[in-house]
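Contents: one structure, followed by commentary.
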């Protein structure tokens, strides 16, 4: 089976962001785990931003604590669905966005499948701690929602003409 000339380029639009997010997530978690004690606080920009490591037994922002098995199952299904959609999409913005979602999902899923809790360490005032994977998932989700709203608005404007 031969591939079309543009197919490798199309794959790169989601695969590269996924690999970069996954690498950044796992590298930063490993560094924090090796250099900072759980619950310690290292200020980066006082009083706005610190590295404060926590073990997260739940989902993003510590939702659904102590549900690691179900979160792992959900993570596997989510990663598979995102990968299939990303593989089939031809829209660059959607492929990049799905790459962010996939990389973030895999970053936290690796921790859960390895029997570990997810390490969250980026801390802002009045906000739960998070990590690079959580940031990628959040940005990807926001882009999908905003793009959906813009497309709905555009379709609504065209239907009133």
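The values are calculated or read from the model by the stated rules, or taken from the named source; none is laboratory data. Bear in mind that the values here come from a model prediction, so they are computed numbers and not experimental data. Glycine gets a Cβ as well: all are built from the backbone with ideal geometry, and neighbour counts include every protein chain shown.
Okay, here's what the table says:
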{"item": "Matching residues in region 83-115 - criterion: being part of a loop (DSSP other than H, G, I, E, B) and touching a residue at least 24 places away in the same chain (Cβ under 8 Å)", "result": "89, 90"}
{"item": "Selection count where residues are in a loop (DSSP other than H, G, I, E, B) and either closer than 18 Å to residue 103 by Cβ or without any contact (Cβ under 8 Å) to a residue 60 or more places away in the chain (or both), scope region 9-43", "result": "4"}
{"item": "Residues of region 64-82 that turn out to be part of a helix (DSSP H, G or I) and at pLDDT below 75, as a count", "result": "8"}
{"item": "Selected residue (criterion: farthest from the chain's Cα centre (by Cα)) from residues of region 116-136 that are crowded, with 16+ Cβ neighbours inside 10 Å and either assigned to a strand (DSSP E or B) or at positive phi (or both)", "result": "123"}
{"item": "Residue check, residue 51 surrounded by fewer than 17 Cβ atoms within 10 Å (Cβ to Cβ) and modelled with pLDDT of 95 or more", "result": "no"}
